[in-house]
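For reference, the structure is listed below as structure tokens.
The values are calculated or read from the model by the stated rules, or taken from the named source; none is laboratory data. Note that this is a predicted model, so its numbers are computed, not measured. Cβ placement follows ideal geometry from the backbone for every residue including glycine, while neighbour counts extend to all protein chains displayed. We work out accessible area using only protein heavy atoms, side chains counted, and drop any ligands, DNA or RNA first. Shrake-Rupley method; radii C 1.70, N 1.55, O 1.52, S 1.80 Å.
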Amino acid sequence: MNNPLKCNRWRNSGLAAVGISLTACHAQTNDATSAPPLFGGQGATVEAVEAVDGSSQDPSTAIGPCHVVRPPGDRPLIDDFEDGDNQAFKVFEREGWWWSTSDGTEGAKLHPPAHAFVPETLPEGDRQLESTFAAHLSAAGQENWGAAWGTTLRWVGDGIRCPFNASRFVGVRFVAKGEGTVTMQFPIPATVPANEDMGQCESKCWDLHGKPVMLTGEWQEFVVPFEKLQQGGWGIDSRFDTERLLGIQFSAKTAKQPVDFWIDDLQFITEEQLAQWRAGGPLGFAATAALAWSTETTF
Ligand SMILES: [Ca+2]
């Protein structure tokens, strides 16, 4: 179901100093059978801002004022986990909260536990000058649909929350290492049930747009272009809408467990960065514009 990744391997001086090599990989195919029902709001802390989900309204107007596309976000960093909390990197008019969830199989393992998402200190050999924390995610033993971890993404302003407009970007990149295969998924209102926050789907929901990510025991840089996202094909057929993202998540369905992996430096990428990637050049940590990486770690 998954072809091998096309990988570009390199080593930079800063990473070599701590014995880390990175492999840049393009996921080549989509995992067409990944179809866990997922729940994008777990772990979210709701503040005193009105959530515009319109759940009691007619579906045609269910998103209320959010039918107006909100201004696009322009800050690439989604999270580097260095603040050690369960909130995505804080930027103006954008909000996100990390969560974990699973199908609740008795005796199964989920880390971090549901409603208790927290970044973890990297193993000593994996730490770098500007990176001490990452997300450490693992699951084993779920017997229904599996487990998932992710962050919500919302535009926040004018006293309301709406789906996040990521249309200035063409994909995401992150670094990861671990064991197993997970599917990176991007919920949008069209695929999220109407009874969930900001969802509009009425039937055959949760067939999210996604792409499989095959992990290895080495840190790798992964780039996932939005144009390569695919649905599983079993649910509602929906065009991916970069103007209405509800979040980003990684899922591990039952057949793929156990999984145990780390992710870090998750960020949106521009068209220019994607072109750079496709030309064979790693984006590297230097592409994380919101981070003050020293020149020693610039690729
Ligand atoms: Ca980090």
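With every protein chain in place and a 1.4 angstrom probe, the accessible-area ranking of Met198, Met214, largest first, reads Met214, Met198. Only protein heavy atoms count here; under a 1.4 Å probe, Ile160 has an accessible surface of about 20 Å². The simple Förster model, with R0 at 30 Å and r as the Cβ-Cβ distance, assigns Thr121 and Lys90 a FRET efficiency of 0.90.
For the range 148-235, the solvent-accessible area with a 1.4 angstrom probe is 29 square angstrom per residue. Split the accessible area of the range 141-293 by element, probe 1.4 Å, and carbon with sulfur accounts for 46%.
For the residues Leu246, Leu129, a 1.4 Å probe over the protein chains yields an accessible-area ranking, largest first, of Leu129, Leu246.
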